[in-house]
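This report refers to the structure that appears directly beneath it.
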Amino acid sequence: MPTSSTPVTRLAIVAAMIGVVGACSSNNNSPAGPNVSLAGNYTLQDFKEAGQDIMQAESTGTAVLTATTYKVSITFHAASQTPAIIDSGTYAATGSSALGSINETSLVTGTQSTGTYTLASNVFTVNVSSQGVAIVQVWQKQ
C-alpha cells in the first residue's frame with residue numbers, strides 16, 4: 001500500500017503517474033482519438049503538487065508502463081522522513097502518442113484522477129487533478 005507524509009501527497013503522487021495514463025476525460029482541449037500505448041520505462045525528473053516542488057525530498061522515482069498497466073516506485077531521502085510510494089494500476093490513454101487526455105484508477109488505493117499528458121523527445125509530462133489537488137510530473141523515458 002502506498003504511503004507518504006500526508007494522504008493528499010500519497011494520493012497525489014499516485015494519481016499523477018497514474019493519471020498520466022488513462023481513458024478519455026471531459027477535457028475538450030485535448031485531442032480525441034484511439035487508445036494509445038505509453039509503454040516504457042521512465043525515471044522521475046520533476047514533481048510538483050499544488051505548486052510545491054517535491055523533488056527536494058525525492059531520491060529516486062521509476063515507472064514501468066505496459067500498453068494497459070503501470071507500476072510506480074518513488075523513494076525519498078531519509079532526512080525527509082517520507083515513506084516510499086509504491087503503486088500499480090491500469091490505464092488507457094486517448095489522443096495521440098504525443099498528447100492526450102487521461103483518466104486512471106489505482107488498483108491499490110482506488111483513487112481516480114483526470115488530466116492531460118504530453119510525450120515529446122522521450123519526456124513524458126503529466127498534468128492531473130486528484131481530489132482537488134493539481135499535480136505535475138515530468139518523467140524521462142529510458
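A short reminder: the numbers here are calculations on the coordinates, not readings from a lab. Just so it is clear, the model here is predicted, and its values are computed rather than measured. All Cβ positions, even for glycine, are placed from backbone atoms using ideal geometry, and neighbour counts span all protein chains on display.
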Which distance in nm do the two modelled labels at S129 and L107 give, with both placed 7 Å along the Cα-to-Cβ direction? 2.9
The long-range amide H neighbours of M55, using H built 1.01 Å from N in the peptide plane and a cut-off of under 5 Å, are F47
Work out from phi, with θ = phi - 60° and the Karplus expression 6.51 cos²θ - 1.76 cosθ + 1.60, the ³J(HN,Hα) of each residue of segment 117-127, listed in order in whole Hz, and give x for Gly and Pro. 9, 9, 9, 9, 6, 6, 10, 9, 10, 10, 10
Long-range amide H partners of A134 with built H, under 5 Å: A50
What FRET efficiency do you get for A98 and Q142 if R0 is 22 Å and r is their Cβ-Cβ distance, rounded to the nearest 0.05? 0.75
From the phi of every residue in segment 77-85, what ³J(HN,Hα) in whole Hz does the Karplus formula 6.51 cos²θ - 1.76 cosθ + 1.60 yield, where θ is phi - 60° and glycine or proline is x? 4, 4, 5, 6, 6, 9, x, 4, 10
May I ask you to evaluate 6.51 cos²θ - 1.76 cosθ + 1.60, the Karplus curve with θ = phi - 60°, for each residue of segment 51-62 and list the ³J(HN,Hα) values in order in whole Hz, giving x for glycine and proline? x, 8, 6, 9, 4, 4, 8, 6, 9, 8, x, 9
